[in-house]
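Here the structure comes first, spelled out in C-alpha cells, and everything after it is commentary.
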Amino acid sequence: MKVKEKYQGLTRPQLLEKVYQLGVGYESNSYGCSQCAVAALHEVIGFDDVIVKVTTSLCGGTASQVVGTCGALAGGIIVFDYFFGRPAGRLSSEVMIQDNLMAIESAQEAPKELVKKYIGKYGTINCAGIMTQRFGRPFYLSDPDVPMDTNHLERALRVIPMGRRNWLFAWTEIGAEHVGVIQSLLVTCKLHGVNPYDYLVDVLRRVGTHPASKIEELTPRLWKEKFADNPMRSDLQTVGKNV
C-alpha cells in the first residue's frame, strides 16, 4: 500500500482527513456510500479501478435495503482485503492446510479494528442503526415514503396479548395454533380495510367449491379485489333481514 505522490507530504491525520473530505464530496455528488468510501481511498492510495466498481451494491445497508452492514464499512473492508486478504492460491477444494486457515485470521486483523471503531462510535455496524445515530431516524433509500418501522402492525396485534387470558383455554396446542391463524387473518383483514366478519363468512362458504389452484384468491388482499363487492352471506344473516 503506497500513498500517491501528490499526497505524500501529508501527515497521517491529514491523510485521514483528506480521505474523509473526498468521501463526503463523492457522496454528495454521486451517492452510494460504499463506492464513495472506496473511491476516496482509491484517490489517495491508488489501487485497481475494478475495486471501486465491485462495491456498487453494498451501499445503503446492502442494495439500499437498509438491513445490512454500513456500506462504507463494507467498502473499507474490501479495500483491506484487496491488500491483505487471503490469495486465491491459498484455498483448496481437496485438502485442509492449517496455514491456509490461519491466513483468514491474519487478514481479518485490520477489519476487526475498523469494526471495533464503528461499534465504539455508533454502537452498531448496521446501516439503520448508524443512520439513527447520525440523523435521528433511518431512511429506506429506495423509497423514502416507505416507513422503516412496523408500528402499525404491532398496534394491530396488541389485541392478542390483551386477551391472553382467553387464550389460556385453547385446550390443545393445535387449538392454540388455530387461534393464532384466525388472529392473523383478522389483523390482515383490518390492514386491507376488509370487514373480518364478511370475509370469514364468505371464505368458509366458498372454500369448498373454490379451485385449489387459485387458493391465493382467498387471502384478504386478493379477496377484496375479487369478492368483496358481492360476498356470500350466512343463512342467519339472510333470516335476520327477513324478520
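No value in this document is a laboratory result; all are computed from the given coordinates. Please read these numbers as outputs of a predicted model, since none were measured by experiment. Here Cβ is always computed from backbone atoms with ideal geometry, including for glycine, and neighbour counts include all displayed protein chains.
Between residue 14 and residue 29, what is the label-point separation in nm under the 7 Å Cα-to-beta-carbon projection?
For the pair residue 29/residue 14, the computed spacing is 2.3 nm.
Could you work out which residue, out of 125, 215, 182, moves most in a Gaussian network model of the chain, that is, has the largest mean-square fluctuation with Cα springs under 10 Å?
Maximum among the listed residues: 215.
Considering only 14, 35, 133, give the residue with the highest GNM mean-square fluctuation for the chain, with springs between Cα atoms whenever their separation is below 10 Å.
Sorting by GNM fluctuation, first place goes to 14.
Two decimals is fine: what is log10 I(q)/I(0) at q = 0.18, 0.21 Å⁻¹ for segment 151-237, from a Debye sum with one equal scatterer on every Cα and no solvent?
-0.89, -1.08
For the chain, modelled as a GNM with alpha-carbon contacts under 10 angstrom, which of 184, 93, 106 fluctuates the most?
Highest fluctuation among the options: 93.
Can you sort 114, 41 so the residue with the fewest Cβ neighbours within 10 Å comes first? Each step should come with its number before you reach the end.
Values: 114 15, 41 23.
Ranking 114, 41 by Cβ neighbours within 10 Å, fewest first, gives 114, 41.
In debye, nearest 20: dipole of the chain around its Cα centre with unit charges on the Cβ of K, R (+) and D, E (-)?
640
For the chain, which semi-axes, largest first and in whole Å, follow from the square roots of 5 times the eigenvalues of its Cα gyration tensor?
56, 22, 18
Gap in Å between the Cα centre of segment 189-233 and the Cα centre of segment 92-135?
49
Give the Rg/Rh ratio for segment 5-135, taking Rg as the radius of gyration of the Cα atoms and Rh as the Kirkwood radius, to two decimals.
On the way: Rg = 16.0 Å, Rh = 15.9 Å.
Here the Rg-to-Rh quotient is 1.01.
Give the residue from 163, 52, 174 lying farthest towards the positive end of the charge dipole for the chain; charges sit on Cβ (+1 for Lys and Arg, -1 for Asp and Glu) and the dipole is referred to the Cα centre.
So the residue we want is 163.
Test of understanding: ordering 45, 77, 174 by Cβ neighbours within 10 Å, fewest first, what list do you get?
174, 45, 77
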